[in-house]
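**Q** I have a structure here, written as structure tokens, and I will follow up with some questions on it.
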Amino acid sequence: MIITALQRVDQGKAGKVGGRDRLPFSLSVLFFVSWPLGPDDERQSLPEAGLSGGDMRVATKIVCAIKPSIERASFSDTRLGPIIPETNNIANHDEIWKSYFMKRDLEIDLLRSFVAVAAHRNFTRAAQAIGRTQSAVSLQIKRLESIVEKRLFERSRQSVTITQTGEALLVYANRILSANDAALSHLQRPEAEGLIRIGAPDDYATFLLPPILSALTKAHPRLQFEVTCDNASDLLPMLTHGQLDVVVATHRPESVAGQVARHEPLHWVASPDFIDDHDQPLSLVVFPSGCVCREIALDALKRIDRRWRVAYSTRSIGLIEKAVLDGASVSVMEASVIPPGLKIFDGLAGLPKLPEVVISVHQSNIYEAHVSLAADFLLERLGRAPLQAVS
């Protein structure tokens, strides 16, 4: 009789709720049986299922009558088939609920893999950066895509391109990971304090370090930072001699050292109105001798027998930007540190293709807890710093 009564109620309550099909009232009753109590010991409403106040009162009476039988029955029991045919092959009511309404959470591990792929634009390198296998990262991205129900990357044999949906998710993923890491860091090592001496090229110190150090300071207010800007070739000896605690350095792909944070594309950049005169030596504005990016650019020009001259050399990224904007010179920069006013000129006949560089984090051999904390934080955050798109 109860089954027949529920079927009749279902027939009278067919329709739409919030633009979607109303859940059968009989199935709503079953969810109602196991739905958690509210603060006043009353069952919380199920608006997604289309249960109104009147529905709830009817459901309460039905539940009082059938709850003992439902609790004894399995959802795979064929006796419940007439009520909820969708559930004949499901043994757990939680799975039924999820299949109807429950939006799956964005898991931290999935987001961490997603951000790594977005930063490296390569599944193999992303896997290396987070200490997983390529197949594991691929599966995690597929799981994340199934949760958001949209593609996050367009994949080909040559490249990995982030989609518009992926770009939108990347903003939230970074926020979620930042909050997660800050909470864990604060709870696990709340005592971190002391001075941390960091060495980095000026472009990294200007564009990459400020948000990272700001987040680290919020998590550990007692930490202090002293940043020295110079080429990696000058900073690494200072680390060896105990004058620095952590160094962020650039390396050629064939001579990687330290802990790899990311692989970074190199670009030729100039003012938007730049015109290359092939009859004249290429005018360069670059960092001083010893800069890896400078050396790579000069080697590339030599391979195509392109004449060049260094018109301006400085350790300041601000001065490089101004000199390039004000003159007819070009510079070479990593993708994530290109100032907004400059334009990429890759592909011109007189500008050879440039390889990627590697950004690594180096730490002093003398272990100090607060220094180790900062080095780990830098490594992780640099690995997911977004690449800037410059047209």
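**Q** Can you tell me how many residues in the stretch 272-294 are out of contact with any Ser or Thr (no Cβ under 7 Å at 6 or more places or on another chain) and either of a type in the set (Gly, Ala, Ser) or surrounded by fewer than 15 Cβ atoms within 10 Å (Cβ to Cβ) (or both)?
**A** Selection size over the stretch 272-294: 9.
**Q** Here's another thing I want to ask about it. With respect to residue 364, determine if the residue is touching a helix residue (DSSP H, G or I) at 6+ places or on another chain (Cβ under 9 Å), at pLDDT 90 or above and not acidic (Asp, Glu).
**A** Numbers: touching a helix residue (DSSP H, G or I) at 6+ places or on another chain (Cβ under 9 Å): yes; at pLDDT 90 or above: no; not acidic (Asp, Glu): yes.
No; evaluated as a whole, the condition is false for this residue.
**Q** Would the stretch 238-248 turn up any residue that is under 18 Å from residue 119 (Cβ atoms) and either modelled with pLDDT of 90 or more or touching a Phe, Trp or Tyr at 6+ places or on another chain (Cβ under 7 Å) (or both)? Give the derivation first.
**A** Residues of the stretch 238-248 under 18 Å from residue 119 (Cβ atoms): 248.
Remaining after also requiring either modelled with pLDDT of 90 or more or touching a Phe, Trp or Tyr at 6+ places or on another chain (Cβ under 7 Å) (or both): 248.
Yes, that holds for at least one residue.
**Q** Select the helices (runs of 4 or more DSSP H) contained entirely in the stretch 272-390, then report the ones holding at least 3 residues which are outside the structural domain of residue 123 (by TED's automatic domain parsing) and either more than 30 Å from residue 176 (Cβ to Cβ) or β-branched (Val, Ile, Thr) (or both). So that I can check it myself, show each step before the final result.
**A** Working: elements: 292-303, 317-326, 369-382.
Filter on the stretch 272-390 gives 292-303, 317-326.
**Q** Just to check your reading of the model, which residue among 269, 248, 227 is aliphatic (A, V, I, L, M), surrounded by fewer than 21 Cβ atoms within 10 Å (Cβ to Cβ) and in a strand (DSSP E or B)? Before the answer, list the steps.
**A** Working: 269 fails: surrounded by fewer than 21 Cβ atoms within 10 Å (Cβ to Cβ); 248 fails: surrounded by fewer than 21 Cβ atoms within 10 Å (Cβ to Cβ).
The conditions single out 227.
**Q** While we're here: Quick check on this structure: which one of 197, 132, 125, 121 is closer than 30 Å to residue 241 by Cβ and surrounded by 16 or more Cβ atoms within 10 Å (Cβ to Cβ)? Full working, then the answer.
**A** Working: 132 fails: closer than 30 Å to residue 241 by Cβ; 125 fails: closer than 30 Å to residue 241 by Cβ; 121 fails: closer than 30 Å to residue 241 by Cβ.
Result of the check over 197, 132, 125, 121: 197.
**Q** Another question, then. Would you mind finding the one in 257, 219 that is under 27 Å from residue 298 (Cβ atoms) and of a type outside the set (D, E, K, R)? Talk me through it step by step, then tell me what you get.
**A** Details: 219 fails: under 27 Å from residue 298 (Cβ atoms).
After ruling out the rest, the residue left standing is 257.
**Q** Please find, among 217, 206, the residue that is among the polar types (S, T, N, Q), within 26 Å of the chain's Cα centre (by Cα) and more than 17 Å from residue 371 (Cα to Cα).
**A** 206
**Q** Are there any pairs, at least 6 apart or on different chains, whose C-beta atoms fall under 7 Å, with the first in the stretch 235-252 and polar (S, T, N, Q) and the second assigned to a helix (DSSP H, G or I), and if so, which?
**A** 250/232; 250/292; 250/293
**Q** Kindly evaluate residue 217 against the criterion of being β-branched (Val, Ile, Thr) and either surrounded by 21 or more Cβ atoms within 10 Å (Cβ to Cβ) or under 21 Å from residue 316 (Cα atoms) (or both). Spell out the reasoning first.
**A** On the way: β-branched (Val, Ile, Thr): yes; either surrounded by 21 or more Cβ atoms within 10 Å (Cβ to Cβ) or under 21 Å from residue 316 (Cα atoms) (or both): no.
When the stated conditions are applied, residue 217 does not pass them.
**Q** Here is a list of conditions, (1) touching a residue at least 24 places away in the same chain (Cβ under 8 Å); (2) under 18 Å from residue 229 (Cα atoms), and residue 319 meets all of them except one; can you say which number that is?
**A** With respect to (1) touching a residue at least 24 places away in the same chain (Cβ under 8 Å); (2) under 18 Å from residue 229 (Cα atoms), residue 319 is out only on (1).
**Q** Please note which helices (runs of 4 or more DSSP H) are completely contained in the stretch 161-222 and include at least 1 residues that are in contact (Cβ under 8 Å) with a residue 24 or more places away in the chain and of a type in the set (Asp, Glu). Quick ask: steps written out before the conclusion?
**A** On the way: elements: 164-188, 202-207, 209-219.
Hits in the stretch 161-222: 164-188, 202-207.
**Q** Quick one: how many residues across the stretch 139-154 are in contact with a strand residue (DSSP E or B) (Cβ under 9 Å, 6 or more places away or on another chain) and surrounded by 13 or more Cβ atoms within 10 Å (Cβ to Cβ)? Steps first, please.
**A** Taking the stretch 139-154 and keeping what is in contact with a strand residue (DSSP E or B) (Cβ under 9 Å, 6 or more places away or on another chain), we get 141, 145, 152-154.
Remaining after also requiring surrounded by 13 or more Cβ atoms within 10 Å (Cβ to Cβ): 141, 145, 152-153.
Residues in the stretch 139-154 being in contact with a strand residue (DSSP E or B) (Cβ under 9 Å, 6 or more places away or on another chain) and surrounded by 13 or more Cβ atoms within 10 Å (Cβ to Cβ): 4 in total.
**Q** Taking the stretch 312-325 only, how many residues are of a type in the set (A, V, I, L, M) and surrounded by fewer than 17 Cβ atoms within 10 Å (Cβ to Cβ)?
**A** Step one: list which residues in the stretch 312-325 are of a type in the set (A, V, I, L, M), which gives 317, 319-320, 323-325.
With surrounded by fewer than 17 Cβ atoms within 10 Å (Cβ to Cβ) added as a condition, the list becomes 319.
Summing the residues that are of a type in the set (A, V, I, L, M) and surrounded by fewer than 17 Cβ atoms within 10 Å (Cβ to Cβ) in the stretch 312-325 gives 1.
The values are calculated or read from the model by the stated rules, or taken from the named source; none is laboratory data. Since this is a predicted model, take the numbers as computed values, not measurements. Don't worry about glycine lacking a Cβ; one is built from the backbone with ideal geometry, like all the others, and counts go over all protein chains shown.
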